[in-house]
1. Looking only at region 349-393, filter to residues that are among the small types (Gly, Ala, Ser) and at pLDDT 85 or above; which one of those is farthest from PRO324 (Cα to Cα)?
2. In region 313-335, how many residues are under 27 Å from THR268 (Cβ atoms) and touching a strand residue (DSSP E or B) at 6+ places or on another chain (Cβ under 7 Å)?
3. Which residues, counting only those in region 38-81, are in a loop (DSSP other than H, G, I, E, B) and on the phi < 0 side of the Ramachandran plot?
4. For ILE162, indicate whether it is aliphatic (A, V, I, L, M), outside any helix (DSSP H, G or I), over 24 Å from LEU307 (Cβ atoms) and under 34 Å from the mean Cα position of the chain (by Cα).
5. If LEU28 meets every condition in (1) touching a residue at least 40 places away in the same chain (Cβ under 8 Å); (2) exposed (fewer than 12 other Cβ atoms within 10 Å of the Cβ); (3) more than 19 Å from LYS110 (Cβ to Cβ) apart from one, which number is that one?
6. State all residues of region 219-238 that are of a type in the set (Asp, Glu) and either assigned by TED's automatic domain parsing to the domain that holds MET283 or assigned to a helix (DSSP H, G or I) (or both); if no residue qualifies, say none.
7. Exactly one of (1) more than 38 Å from the chain's Cα centre (by Cα); (2) at negative phi is unmet by ASP302. Its number?
8. Among the charged types (D, E, K, R) and at positive phi: does that describe GLU103?
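The values are calculated or read from the model by the stated rules, or taken from the named source; none is laboratory data. What you are looking at is a predicted structure, and each value in this text was computed from that prediction instead of being measured. Using ideal geometry, Cβ is built from the backbone for each residue, glycine included, and neighbour counts are taken over all protein chains shown.
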Amino acid sequence: MSFTTIRAKITMIFAVSIVLLGLLFYVLFATHIKFERHSMIVQEMASIRFAFDYFVRTNTIDFAFLESQNFRLMDSKEEKLEIFNTLSKKEKDKSFSIFKYHERRFLFIKSYHTIFIFESMNQSKAPKNVIIISFFLLFFLLILYIMIIRSLRPLHRLKNQIKTFSQGNLDIDCRSDKKDEIAQVANEFDNAVKKIRELKHSRQLLLRAIMHELKTPIGKGRLVSEMIDNDKHKQRLHSIFERLNLLIDEFAKIEKIESKSFELVFKTYKMSDILDASIDMLMMENPAKHIHLELINDYLVDCDFELFSLAIKNLIDNGMKYSPDKQVSVVVDKGLAVINQGKALEESLEHYFVPFRTKSNGLGLGLYIVKNILDLHQLRLDYIHKDGQNIVGIKR
């Protein structure tokens, strides 16, 4: 059990409290027993002194008095002999003696050559009040501990709901009818989730409406471009409309990735096939003019083909966009690296994962898309600047 959790800390506090309370009651119990024993011995000594004075005056034993003081006359000869043999010679010669044997107290009286041995039947009594109070307090602490631990159960449920929410599932219900602080937090979180769910739904409707409205003029533009007689102009317009259509599809994928509603289809592909699909997505007339491929090791990769191709496409596009000569080198070996000429990044790579950075040296949506797709594939992006070149690589 980790002692950083609230449950563990509460358990530790109650365990220490119970141990300390037990020690306190043990000390009280032992002190009470000691006091009772001392009082009992003092009372016995007073009774024995009275019996001794009576014996000296009358040379007889007051059996009735000793019996009233809980002194039992031993009748068993064998037991009397066993106890008598434990006495020293000096004690045996006495007429009146007090001794202890096996934690039992005895009174030895010799009268007219007759030996009488009395055993004290007085016993110190256990303090009932201390025992009752100790058991009551321990029971109260145990009940209090159980109640507190049970009150923390909704916190564990809330943690699981938050974990589910963090994984992109907004269909959770954290409402609570209780009135404690945990219930208040759960209800506030539930209200926040509802608002986020509504905002997400509104955003999805807006994006779908925008994409639908954009696709309509693009489709009409492609039809109109077919009426142009100049084949060169027609081809350019086709490329433009195709590019716009591809961008809308990319935005649709980004929206699904962002909302965690994209179902990944993992299969094994050659890196060269994924790279070819990424270059095709760029829709360049002459890609070899700007992209230099170096395929050293065409390794296999388990991925979602569409998304992974989109990530590499954005990585290459970003490299060309921010290169002075608008050229990149793509090296495929143990991993994939995109290399371009240029100055080193002014900030760490993580700063450029933020979408739509407002600074002039921001990288737009490119690396933001790449980062999200690589996270889904449990891959990471590395960056180094060496010999005037920026090298961005995909690694496990």
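1. GLY393
2. 9
3. Answer for region 38-81, where residues must be in a loop (DSSP other than H, G, I, E, B) and on the phi < 0 side of the Ramachandran plot: THR60, ILE61, ASP62, GLN69, MET74, ASP75, SER76.
4. Answer is no for this residue.
5. (2)
6. ASP231
7. All conditions pass for ASP302, except number (1).
8. Yes; evaluated as a whole, the condition is true for this residue.
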